[in-house]
Structure formats: structure tokens, C-alpha cells
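Structure, as C-alpha cells:
The values are calculated or read from the model by the stated rules, or taken from the named source; none is laboratory data. Just so we're clear, the structure is a prediction, and the values are computed from it rather than from any experiment. Here the Cβ positions follow ideal geometry from the backbone for every residue, glycine too, while neighbour counts run over all protein chains shown.
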Amino acid sequence: MSDTYAGDITPNEAWTILQENEQAVLIDVRTTAEWAWVGQVDLSSLSKSHHCVEWVSFPCGSANENFVEEVQARVTDTTAPVLLLCRSGVRSKYAAIALSAAGYQTCYNIAGGFEGDKNEAQHRGTVNGWKVAGLAWAQG
């Protein structure tokens, strides 16, 4: 698989794309546990919703072999910008690469993810990411 995708964007850049482009779609690739216990983005003020498609399955951590097909079932327009989000921006980068290889034209990785990178105390939620940017989210 090639490592080509549209690139990394900040959470604020993702919000702007979602706000300005009616076709833009956000896919959260975290696990069911993360969606339920950590929270999810809230795009309701943009009159949008997001899609939740696991990149790896909880609790075993195995790769979701049906990831691309599950996204294709939800996002049929391969020309629509697809913004991918995970906890920190690692899984979502690989998801962006996979979807680009599958024919989606513009796949972005949201750098910093939902919770962001770890700080010096090894805690997330204080350095960067969707929540730190003050963007809308709801507890799971």
C-alpha cells in the first residue's frame, strides 16, 4: 500500500473544512469503547453527523478487515473530502492512506486526534487534539 493521502490537518482546520464544504465527512476510527467512554465529536451545530468505523476492534485490538467496505457503505462519493479522526492521529493516518488507496480522492488525517498527544506526565487531553482545541464534543 502506498503511503499517499491528502495530508495532516489540525482539528481547527478540520472544523473549517466541515463548516465550509457541504460534502465533507468526518469518520471517527477509534473503538466502540472510546466512543462510549471518552466521547465523540458533535457536529450538530453544522447540521452534520459523523460516522464511527473502527480501524481496530475492541477489545482484542485486531485490525478491522472490513474497514474500507464499511466506509464505502457510508460514504459513496469518493470525491467528497474525508476527514479521519482517532485518539492521537496515528490510526487515522493509516485509515487515510487505506481510503486513498481505495479511490477516495481527498483523505485528511486530523493530527492530534480527539484526545491529543501525551504530556510530560503521560496524560492526554492537555497538549493538542479536538478537545483541547475547544471544538464541540459530547460525552459518550
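Enumerate the pairs (first residue in the stretch 81-94 and under 20 Å from Trp37 (Cβ atoms); second residue anywhere and among the polar types (S, T, N, Q) and surrounded by fewer than 22 Cβ atoms within 10 Å (Cβ to Cβ)) with beta-carbon separation below 9 Å, excluding pairs fewer than 6 apart on the same chain, so at least 6 apart or on different chains.
From residues that are under 20 Å from Trp37 (Cβ atoms), the pairs are Ser88/Asn128; Gly89/Asn128.
Kindly list, by first and then second residue, each pair from a residue in the stretch 97-109 that is closer than 13 Å to Leu83 by Cβ to a residue that is of a type in the set (Ser, Thr, Tyr) and part of a helix (DSSP H, G or I), limited to pairs with Cβ atoms under 8 Å and residues at least 6 apart or on different chains.
Cys107/Ser100; Asn109/Ser92
If the requirement is being modelled with pLDDT of 95 or more, hydrophobic (A, V, I, L, M, F, W, C) and either part of a loop (DSSP other than H, G, I, E, B) or on the phi > 0 side of the Ramachandran plot (or both), which of these qualifies: Ala80, Ala98, Ala121? Explain how you work it out, then say what you get.
Values: Ala98 fails: either part of a loop (DSSP other than H, G, I, E, B) or on the phi > 0 side of the Ramachandran plot (or both); Ala121 fails: modelled with pLDDT of 95 or more.
Only one candidate passes the filter, namely Ala80.
What is the residue count in the stretch 32-74 for residues that are out of contact with any helix residue (DSSP H, G or I) (no Cβ under 8 Å at 6 or more places or on another chain) and either on the phi > 0 side of the Ramachandran plot or free of Cβ contacts under 8 Å to residues at least 12 places away in the same chain (or both)?
11
Which of (1) under 19 Å from Asn109 (Cα atoms); (2) modelled with pLDDT of 95 or more is the odd one out, the single condition Ser88 does not satisfy?
(2)
Any residue in the stretch 6-31 that is in contact (Cβ under 8 Å) with a residue 60 or more places away in the chain and closer than 21 Å to Val68 by Cα sitting within a Cβ distance under 8 Å of a residue that is assigned to a helix (DSSP H, G or I) and polar (S, T, N, Q)? List the pairs, counting only those 6 or more apart or interchain.
Filtered contacts from the stretch 6-31: Ala6/Ser100; Val29/Ser92.
Based on this model, can you work out whether Val53 counts as under 17 Å from Val25 (Cβ atoms), surrounded by 20 or more Cβ atoms within 10 Å (Cβ to Cβ) and not charged (D, E, K, R)? Show your work before the answer.
Values: under 17 Å from Val25 (Cβ atoms): yes; surrounded by 20 or more Cβ atoms within 10 Å (Cβ to Cβ): yes; not charged (D, E, K, R): yes.
Against the criterion (under 17 Å from Val25 (Cβ atoms), surrounded by 20 or more Cβ atoms within 10 Å (Cβ to Cβ) and not charged (D, E, K, R)), Val53 qualifies.
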